[in-house]
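Written out below as structure tokens is the structure these notes cover.
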Amino acid sequence: MAKYQFTVVVERDEDGVYIASCPALQGCYSQGESYQEAIENLRDAIKLHIEARQSLGEPVPIEVAVDRLEINV
């Protein structure tokens, strides 16, 4: 069993719902009523995403670097 680590982004919409996504896995996102619920739901979504890629013989993306940018506007 392989281990993977991914950066996730969690945002909160105007209705208070937490939306979590994994930028390295395009289209892989989930949501929850709490931060923890969104993360747990995303964990399941990532697992299913990886399993689907593997069943199709597609590679699983590997993150090279994570950084933050500060932009002054």
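The values are calculated or read from the model by the stated rules, or taken from the named source; none is laboratory data. Just so we're clear, the structure is a prediction, and the values are computed from it rather than from any experiment. So basically every Cβ, Gly included, is an ideal-geometry build from the backbone, and we count neighbours across all protein chains shown.
Residues are listed down the side, and each one gets a yes or a no for (1) surrounded by 15 or more Cβ atoms within 10 Å (Cβ to Cβ); (2) in contact (Cβ under 8 Å) with a residue 12 or more places away in the chain:
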residue: D13; (1), (2): no, no
residue: S21; (1), (2): yes, yes
residue: Q31; (1), (2): yes, yes
residue: S34; (1), (2): no, yes
residue: A38; (1), (2): yes, yes
residue: L48; (1), (2): no, no
residue: E51; (1), (2): no, no
residue: D67; (1), (2): no, no
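Residues of region 1-55 that are among the aliphatic types (A, V, I, L, M), out of contact with any strand residue (DSSP E or B) (no Cβ under 8 Å at 6 or more places or on another chain) and over 20 Å from D67 (Cβ atoms): M1, A2, I46, L48, I50, A52. State whether the residues of region 16-33 include one that is within 13 Å of the chain's Cα centre (by Cα), at pLDDT 95 or above and of a type in the set (D, E, K, R). No, region 16-33 contains no residue that is within 13 Å of the chain's Cα centre (by Cα), at pLDDT 95 or above and of a type in the set (D, E, K, R).
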